[in-house]
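Student: What follows is a single structure, and I will ask about it in a moment.
The values are calculated or read from the model by the stated rules, or taken from the named source; none is laboratory data. Quantities reported herein were computed from a predicted structural model and do not represent experimental measurements. Glycine gets a Cβ as well: all are built from the backbone with ideal geometry, and neighbour counts include every protein chain shown.
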Amino acid sequence: MNRVFMTGKVEARPQIVYTPRGEKFMVFPLRVTDGDFLIDVECRGDSSEPYVDAAVGSSVMVSGMLVRKKLQAREMVKLKVHKIFWMEE
């Protein structure tokens, strides 16, 4: 089973991207404090979700799965998120 929970801070302003089919996705880098690394988070977006307006530095916990993507000559790992939990400071 590929189920991952990570906590960290939003490192940069989330970007909204659309697939050729018109599906909305939000993408942002997550700074994971345990281990001090960055991972790209990708979440299917819904206009009713409040996370689009999140400020840089907001603490979040995400639930999802790791996916491997091949980009030209290299591979990378992203976190495909099913649920984002915004944490209070």
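Student: Starting from residues that are outside any loop (DSSP other than H, G, I, E, B) and surrounded by 15 or more Cβ atoms within 10 Å (Cβ to Cβ), keep the ones in region 32-46 and report whichever is farthest from the chain's Cα centre (by Cα).
Tutor: VAL32
Student: Here's a follow-up. Mind listing just one residue for me: the one in region 49-64 that is of a type in the set (Gly, Ala, Ser) and under 18 Å from VAL17 (Cβ atoms) and, of those, modelled with the lowest pLDDT?
Tutor: ALA54
Student: Another question, if that's okay. Output the residues belonging to region 1-48 that are modelled with pLDDT of 90 or more, over 16 Å from MET65 (Cβ atoms) and among the aliphatic types (A, V, I, L, M).
Tutor: Matches in region 1-48: VAL10, ALA12, LEU38.
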